[in-house]
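The structure appears right after this line, and notes come after that.
The values are calculated or read from the model by the stated rules, or taken from the named source; none is laboratory data. Everything numeric in this text was worked out from a predicted model, so none of it was measured. Backbone-built Cβ (ideal geometry, glycine too); neighbour counts: all protein chains shown. Side chains included, ligands, DNA and RNA excluded: accessible areas come from the protein's heavy atoms. Shrake-Rupley method; radii C 1.70, N 1.55, O 1.52, S 1.80 Å.
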Amino acid sequence: MLIDISQEVFSCHVFPGDPAPQRTTLLSIKDGAVCNLTALSMCAHNGTHVDAPYHFIQDGKTIDRIPLDRFVGPCWVSRHEGPVSGQDAAAILDKARENGAEQRILIAGKATVTEEAAQVFASHGVRLVGNESQTVGPEDAPQRVHEILLGCGTVLLEGLVLRNVAEGRYMLHAAPLNLGGSDGAPCRAYLISETLS
């Protein structure tokens, strides 16, 4: 079963201060054009998106230089509310490891990754950390959490829609758009349930 975990772009959540996506109709069949044609303008971090290391690290990899296997493969969805402590992160990793999905961690709920949790994920070589907020770290001070995770090569998948997703193992597909030289990119993220329904 496929589970869409992406926001719709034009109605998506936007990090405070970022420009919101804008749609412009260039051609319209109803106005006599041969086709409908849309142009769009948006921030690379609107809606469901990926952060590349270059977002917070000057010499970090840009989105086009990150191998696709970071974004595709087994993942563990964990439900959590509030700050994710170092102890919480270790417990999440234990469950993920038991289920062979410790390389990609998605946190459902109103959760904020703390510096201590980021250190735990980084020290265990987690390839990807994702959550439902527009930033994995505290909204009022996200820098340090990003530096810890992006600094060790962990990519971030932010702005997910996980409210109806049960805790467990899934196959994740969240490849970003191939935006050369960019610090991030939007993506269409979805899960494949590995259990029969």
Right, Ala89: open to solvent by less than 60 Å² (accessible area, probe 1.4 Å), in contact (Cβ under 8 Å) with a residue 12 or more places away in the chain and out of contact with any Gly (no Cβ under 9 Å at 6 or more places or on another chain) or not?
yes
Given (1) in contact with a Pro (Cβ under 6 Å, 6 or more places away or on another chain); (2) closer than 20 Å to Ala189 by Cα; (3) outside any strand (DSSP E or B), number of the condition Gln7 does not satisfy:
(1)
Taking segment 97-151 and the residues there that are in a helix (DSSP H, G or I), in contact with a Cys (Cβ under 9 Å, 6 or more places away or on another chain) and open to solvent by 10 Å² or more (accessible area, probe 1.4 Å), the one that is farthest from Ala52 (Cα to Cα) would be Ser123
Only unsatisfied item for Met42, checking (1) surrounded by 17 or more Cβ atoms within 10 Å (Cβ to Cβ); (2) under 21 Å from Glu167 (Cα atoms), is (2)
Assess whether Cys12 counts as being under 26 Å from Cys152 (Cα atoms) and buried (at least 16 other Cβ atoms within 10 Å of the Cβ).
no
Regarding segment 76-86, can at least one residue be identified that is more than 22 Å from Asp140 (Cβ to Cβ), out of contact with any strand residue (DSSP E or B) (no Cβ under 9 Å at 6 or more places or on another chain) and touching a residue at least 12 places away in the same chain (Cβ under 8 Å)?
no
Given the criteria open to solvent by 20 Å² or more (accessible area, probe 1.4 Å), basic (Lys, Arg) and outside any loop (DSSP other than H, G, I, E, B), does Arg163 qualify?
no
Only one of Gly60, Gly17, Gly47 that is without any contact (Cβ under 8 Å) to a residue 12 or more places away in the chain, under 25 Å from Arg144 (Cα atoms) and not charged (D, E, K, R):
Gly17
Evaluate the following for Val50: is it open to solvent by less than 70 Å² (accessible area, probe 1.4 Å), part of a strand (DSSP E or B) and closer than 23 Å to Lys110 by Cβ?
yes
Within the group Gly17, Gly82, Gly73, which residue is open to solvent by less than 70 Å² (accessible area, probe 1.4 Å) and either of a type in the set (A, V, I, L, M) or farther than 19 Å from Arg188 by Cβ (or both)?
Gly82
Whether any residue in segment 28-37 is hydroxyl-bearing (Ser, Thr, Tyr), modelled with pLDDT of 95 or more and either part of a strand (DSSP E or B) or surrounded by 17 or more Cβ atoms within 10 Å (Cβ to Cβ) (or both) is what I want to check.
no
